[in-house]
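Note sheet for the following structure.
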4 protein chains.
Amino acid sequence: MKVFELQNGFGLDRLVMAERPIPVPGPREVLIKMRAVSLNSRDLGVIGGFYYPDMKFPLIPVSDGVGEVAAVGEQVARFRMGDRVSGTFSQRWISGEPTKEWLDGLLGGPLDGMLAEYAVLHEDGLVRVPEHLTDAEAACLPCAGVTAWQAVVAEGRVKAGDTVVVQGTGGVALFALQFAKLNGARVIVLSGSEDKLERVSRLGADHLVSYRATPDWDEEVQRLTNGRGADHVLELVGAATLNRSVAACRFGGQISLIGLLSGHEVENFRLVPTFQKRIRLQGINVGNREMFEAMNRAIAFHRLRPVVDRTFSFEQSLEAFRYLEKGTHFGKVCIVF
Amino acid sequence: MKVFELQNGFGLDRLVMAERPIPVPGPREVLIKMRAVSLNSRDLGVIGGFYYPDMKFPLIPVSDGVGEVAAVGEQVARFRMGDRVSGTFSQRWISGEPTKEWLDGLLGGPLDGMLAEYAVLHEDGLVRVPEHLTDAEAACLPCAGVTAWQAVVAEGRVKAGDTVVVQGTGGVALFALQFAKLNGARVIVLSGSEDKLERVSRLGADHLVSYRATPDWDEEVQRLTNGRGADHVLELVGAATLNRSVAACRFGGQISLIGLLSGHEVENFRLVPTFQKRIRLQGINVGNREMFEAMNRAIAFHRLRPVVDRTFSFEQSLEAFRYLEKGTHFGKVCIVF
Amino acid sequence: MKVFELQNGFGLDRLVMAERPIPVPGPREVLIKMRAVSLNSRDLGVIGGFYYPDMKFPLIPVSDGVGEVAAVGEQVARFRMGDRVSGTFSQRWISGEPTKEWLDGLLGGPLDGMLAEYAVLHEDGLVRVPEHLTDAEAACLPCAGVTAWQAVVAEGRVKAGDTVVVQGTGGVALFALQFAKLNGARVIVLSGSEDKLERVSRLGADHLVSYRATPDWDEEVQRLTNGRGADHVLELVGAATLNRSVAACRFGGQISLIGLLSGHEVENFRLVPTFQKRIRLQGINVGNREMFEAMNRAIAFHRLRPVVDRTFSFEQSLEAFRYLEKGTHFGKVCIVF
Amino acid sequence: MKVFELQNGFGLDRLVMAERPIPVPGPREVLIKMRAVSLNSRDLGVIGGFYYPDMKFPLIPVSDGVGEVAAVGEQVARFRMGDRVSGTFSQRWISGEPTKEWLDGLLGGPLDGMLAEYAVLHEDGLVRVPEHLTDAEAACLPCAGVTAWQAVVAEGRVKAGDTVVVQGTGGVALFALQFAKLNGARVIVLSGSEDKLERVSRLGADHLVSYRATPDWDEEVQRLTNGRGADHVLELVGAATLNRSVAACRFGGQISLIGLLSGHEVENFRLVPTFQKRIRLQGINVGNREMFEAMNRAIAFHRLRPVVDRTFSFEQSLEAFRYLEKGTHFGKVCIVF
């Protein structure tokens, strides 16, 4: 079978097409004929050497993919031939609290990922995907979708009438907007791009705030909520915005700590407003299979469609990564086999 | 001012129009010129002597009402002249856990209620009501609305993609349907009346089940959920249906215990399925002001409209109660002053 | 290896010693040389045909056992040779919410249980047991211990200063008493036996109530809590006591529904007090591995010792069951190999 | 009556003894003859002008005090003459979620505080204090005690067998240690002073770590927990330690954000470990009356005694503040009238 693998070093230049034998599923394992993957900025981080500097080569990258069950090993009970399935981001986190093993089970690094014609995964690390989705749409769910679901629903417990602030228009942000709307919330989206704000409004955002035109966007959030503040802020930018996120929250509000875009250190995180307003800051690490399955029930029931920016063919995989790097996309970048 | 009060005994025959002086608000109290009330079966229970056999007469009945602030006492900070407000069902439960004092603070018994041209309440026992509602619609909220909100949202934590079963088409049931839909749930409504089921379908119910045509409705719920079971059942009938509600639930599901229609004792509550499936049964006692205010934000944001069956004038109050007694209504019975 | 198995029918008379080959662990499976088991009334129910009328014979009974890892299959990562381990009651519930598969994974029916010289289990269905415990003590944990932990801690969230009512002095009751004390609660134990109450007082119970001398024990609980009511009642008797348990609770209190002793149907479960006081009734189905591991940390840290009434040898297994049937034990009945 | 009040400016030099008339309680208000107060570093911050730069003078400082009910206004139902009571830190937060009004109700700024022979408070802003405590001990509870209770119990939900890290040996830290022990936790205390660590060990701390001898104390916490990490860290230092607190936590662990000692800005708060381990950071703002009452039940049941370092007389109030400023105390500094 054909795969893309990172050979002998980091960087997109080392990502080459190669040949491997089709793997054979052992007990409780499933062989999947891959149909589509979606790309995440984390995949670029893995390829660039940011996350696993001591990685053993070769590695098949990409965490998110969907395919069809082509063979089942002994004792497989959860799936049958022909089922359309997706891997879970961490193969080691089924439900409940995360444990340290969570990190060892990540697809696309440290484990081999989905950019291959076939993959073998344990049946416990798979879920069925909603039927109404295209392969590309279904491939968007494992990382961006589940992260947004954990933040907004499983940990955030956003409910009808709540006000949710979503920073930016990246993959997690768009899912967060969609899930917050499914749960009846008012959603304020922040972006620096007027063009993207316009596209977001078509997805149901209630208020659009340009942080270029309105750098004091926390005050705008307070104004839009009559001085009450937002119930929930999805902190997808990180370092540069955390203090404003706290200022935008209501007393007793919650902030989901997710993003990495503006850097990895908050230079001057002010603690006093966090105490006074009893803000909760909740780190979000994608999510578990139980969350994935609950999300799928919501997506299927509402026939929600993930936003796909552009699809590439398997042979165009490098081109797809280059396109992702440019950062001009709105929605997910996918590869359809 | 004119009031209706229960004089010297129980029963609708003892409910007579009388004259009382307009009350004067003390410190932190508010005088409300009443505009509308809604009737609940509990009001009939109070009038009939079911709830407070040792009641001191006279008593002004009716727990739910809305009016305009006509005067404020000293130190009132939460309201101003002209605000449109509603009393909370219990004047003694602001937020957090209920305490025994909850029962002492109920409007319409043991405290005087809202069936009067004016009422004085402490400012802590009042909330502003959503602007888009008519007076009659706003009067529907304190008891039926907040009960449904506590069951579905505050305690039930229903989320998008969940399946909720609502029994019947009474006041709490219709609000529960509406709130479950606001939060993105799939809703199955049970009723014995084909006519009411049809009207419910226009409110957004996803599945309608007649328990006359389908007495094994728990099996139908299992079928509609592909054998998974419902996430949440609103037990509004009580005695006759509790075992079926347990059977209709998924493993780990929740039942809100609310209703009284079929009697006050469950004759043969089977415990084994409740253990095995780890079902949670949650008693629901209307709710607190914090829940009322969160509900109002959701109602205002979604411009949700309570279902009013019919309105009567203040002078027709007895007629309104007789109409409620017949039980043919669909939605709330209101009195507009 | 020697096993006890139920052959060709139900009843203790059909439980006979037999010979089977020592099983070989497959991938991710572990061979355990059993050292001790504890007996539960559920084991008698399985043997008597109460739980699985359609059982396929032969079946090795007994859910709770502890042993030493004697061999590991391929890919086993969680355990090593020599580790002392216990199976989890359900082999299919690791963490999070229970699912229907929970029931399919129960040891001692429908799956073969622990009354054998060797057992093979998947590594995900095993936990290490606290070092300070004897084999017999460690064997008490999977069913009675975890049930009490879920009720008191994982779902009950009992905290210092809370008042907990424990019904009876059975295996779950004694663990519940011990765990409630570890978490700083005041514990009221009910029993019909003066002798057992005296023994319970040595385990740290704060108040002892004989329901023979004080049939209105709910009033006694109200008196002992100055009219506030208990925060938590462990309903271990069931049918006969549920209404009194509700009456003993505070407003907003919780009842864990666990026990089966007095029958499986509550004949006249009164709903009104459950609504008014917003009582939560939580069905408890033993628990998951995450709870078992958290419980073990507490037991190890506090060097808590389960109460063992009496131990029998493997050859005396039938005698052990006969002794359990008599119901005179105080603490667990164990078999040490 | 004699009071201490801040006159015409900030600073301990402006804190002078003055005479005011004894206040008269209005409806639902209570007159308290003060018996003791305890001092918090926040009181020094108020006096120094840090918290309320626009304060209107004169102001009676000090948030925490206990006294005897000397008179009750009309309609007072919760207290009687002679009851020993304490004010709640915020007079406006009874239960449930905090709201913006929380900040307006703080005793000792912006509202007049307790450093006076008499005080009048609304009955909703008072609690009875445990009988076994001296007046000085009871005066320690409103701020330091309730803060620790919210962090460890109400929000932290610490349970038996959990590992809790407490930073320092200040007022909140000592209560946190005591409450964590009441709830069965293992407690690791960090301090820079060997002398204070020794005194802490007598209060039941399980492990003592000097951050002078062991600057990499997060690694020591990991070692003491066999690499699992702490379940809960009480962040009482703030700016300088937050990254280490995250490193000391287990996956899924919680950090209570409380303290201000080392400054108000975290200079380089690293976000990646917070995401990866799904850490929750919870701001703690003292707490509400419901928490205060639950804490009192625990304190009364366990006859727990707050740690009082030293008591001063009313006339020595300035001396007491000077002593607090030195920072050499271990436990609370109190003034007994």
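A single member of B:E101, B:E155, B:E131 is modelled with pLDDT of 95 or more and over 23 Å from B:Q254 (Cβ atoms), and it is B:E131.
Across segment C:45-65, a minimum of one residue is classified as open to solvent by less than 10 Å² (accessible area, probe 1.4 Å), at pLDDT below 95 and not in a loop (DSSP other than H, G, I, E, B).
Across segment B:180-232, the number of residues qualifying as touching an Asp or Glu at 6+ places or on another chain (Cβ under 6 Å) and within 30 Å of A:T163 (Cβ to Cβ) comes to 4. Residues that are without any contact (Cβ under 8 Å) to a residue 40 or more places away in the chain and either touching a Cys at 6+ places or on another chain (Cβ under 6 Å) or open to solvent by 10 Å² or more (accessible area, probe 1.4 Å) (or both) within segment A:135-160 comprise A:R157, A:K159, listed in sequence order. Each residue in segment A:169-200 was checked for being over 18 Å from the mean Cα position of the chain (by Cα) and farther than 15 Å from A:P306 by Cα, and 15 pass. Residue-level analysis places A:Q282 outside the set of residues that are farther than 23 Å from A:I47 by Cβ, away from chain B (no Cβ under 14 Å) and open to solvent by 10 Å² or more (accessible area, probe 1.4 Å). Considering every residue within segment A:264-280, establish whether at least one is closer than 25 Å to A:D124 by Cα and modelled with pLDDT of 95 or more. Checking segment A:264-280: not a single residue is closer than 25 Å to A:D124 by Cα and modelled with pLDDT of 95 or more.
The residue that is nearest to the other protein chains (Cβ to nearest Cβ), among those in segment D:97-115 that are more than 16 Å from D:Y52 (Cα to Cα) and open to solvent by less than 20 Å² (accessible area, probe 1.4 Å), is D:P98. Report every pair of residues separated by at least 6 positions or lying on different chains whose Cβ atoms are under 6 Å apart, first residue within segment A:1-26 and under 30 Å from A:M81 (Cα atoms), second of a type in the set (V, I, T). Within 6 Å, the pairs are A:M1/A:I22; A:V3/A:I60; A:E5/A:I60; A:A18/A:V3; A:R20/A:V3; A:P23/A:V120; A:P25/A:V120. Out of everything in segment D:80-96 that is more than 14 Å from chain B (Cβ to nearest Cβ) and part of a loop (DSSP other than H, G, I, E, B), what residue ends up being nearest to the chain's Cα centre (by Cα)? Ranking the candidates gives D:F89 first. Looking across segment C:66-82, the residues that are aliphatic (A, V, I, L, M) and either open to solvent by 10 Å² or more (accessible area, probe 1.4 Å) or farther than 21 Å from C:L111 by Cα (or both) come down to C:A70, C:A71, C:V72, C:V76, C:A77, C:M81. Since D:S245 meets every condition but one in (1) part of a helix (DSSP H, G or I); (2) surrounded by fewer than 23 Cβ atoms within 10 Å (Cβ to Cβ), which condition does it not meet? Failing condition for D:S245: (2).
Please indicate, with yes or no, whether at least one residue in segment C:310-332 is in contact with a Pro (Cβ under 6 Å, 6 or more places away or on another chain), in the same structural domain as C:L106 (by TED's automatic domain parsing) and surrounded by 20 or more Cβ atoms within 10 Å (Cβ to Cβ). Looking for residues that are in contact with a Pro (Cβ under 6 Å, 6 or more places away or on another chain), in the same structural domain as C:L106 (by TED's automatic domain parsing) and surrounded by 20 or more Cβ atoms within 10 Å (Cβ to Cβ), one finds none in segment C:310-332, hence no.
Scanning segment B:287-305 turns up no residue that is at pLDDT below 95 and open to solvent by 30 Å² or more (accessible area, probe 1.4 Å).
D:D43 meets the conditions (1) more than 19 Å from D:S90 (Cα to Cα); (2) charged (D, E, K, R); (3) in contact with a Gly (Cβ under 9 Å, 6 or more places away or on another chain) in every case but one. The failed one is (1). Within segment A:173-199, residues that are among the basic types (K, R) sit with their Cβ atoms under 8 Å from residues that are part of a helix (DSSP H, G or I), at 6+ positions apart or across chains, in these pairs: A:R186/B:F301. Here B:R14 meets the list (1) open to solvent by less than 60 Å² (accessible area, probe 1.4 Å); (2) within 18 Å of B:R322 (Cα to Cα); (3) at pLDDT 95 or above almost entirely, failing just condition (1). Tell me, yes or no, whether segment B:8-20 has at least one residue that is among the polar types (S, T, N, Q), in a strand (DSSP E or B) and in the same structural domain as B:S313 (by TED's automatic domain parsing). No; the residues of segment B:8-20 include none that is among the polar types (S, T, N, Q), in a strand (DSSP E or B) and in the same structural domain as B:S313 (by TED's automatic domain parsing).
Of the residues D:L257, D:L234, D:L203, the single one that is open to solvent by less than 20 Å² (accessible area, probe 1.4 Å), modelled with pLDDT under 95 and either more than 11 Å from every other protein chain (Cβ to nearest Cβ) or closer than 20 Å to D:V187 by Cα (or both) is D:L257.
Listed here are the residues, each with its yes/no results for (1) in contact with an Asp or Glu (Cβ under 8 Å, 6 or more places away or on another chain); (2) assigned to a helix (DSSP H, G or I); (3) among the acidic types (D, E); (4) within 14 Å of chain B (Cβ to nearest Cβ).
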| site | (1), (2), (3), (4) |
| --- | --- |
| A:V127 | yes, no, no, yes |
| A:E137 | no, yes, yes, no |
| A:P142 | yes, yes, no, no |
| A:V158 | yes, no, no, yes |
| A:G161 | no, no, no, yes |
| A:A176 | no, yes, no, yes |
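The one condition from (1) surrounded by fewer than 24 Cβ atoms within 10 Å (Cβ to Cβ); (2) within 12 Å of another protein chain (Cβ to nearest Cβ); (3) touching a Lys or Arg at 6+ places or on another chain (Cβ under 7 Å) that C:V187 does not meet is (1). Return the residue satisfying two criteria in turn: it lies in segment C:212-231 and is surrounded by fewer than 17 Cβ atoms within 10 Å (Cβ to Cβ) and either touching a helix residue (DSSP H, G or I) at 6+ places or on another chain (Cβ under 7 Å) or of a type in the set (G, A, S) (or both), and of such residues it is farthest from C:T169 (Cα to Cα). Step by step, filter segment C:212-231, then rank; the result is C:G227.
Within segment A:222-239, one or more residues are out of contact with any Ser or Thr (no Cβ under 7 Å at 6 or more places or on another chain), of a type in the set (S, T, N, Q) and at positive phi.
For segment D:213-232, indicate whether the set of residues that are assigned to a strand (DSSP E or B) and free of Cβ contacts under 8 Å to residues at least 40 places away in the same chain is non-empty. Checked against the condition, which is being assigned to a strand (DSSP E or B) and free of Cβ contacts under 8 Å to residues at least 40 places away in the same chain, segment D:213-232 yields no hits at all.
The values are calculated or read from the model by the stated rules, or taken from the named source; none is laboratory data. The shown structure was predicted, so the numbers you read here are calculated from the model rather than taken from an experiment. Neighbour counts run over all protein chains shown; Cβ positions are idealised from the backbone, glycine included. Side chains are part of the model used for accessible areas, which takes the heavy atoms of the whole protein and leaves out ligands, DNA and RNA. Shrake-Rupley method; radii C 1.70, N 1.55, O 1.52, S 1.80 Å.
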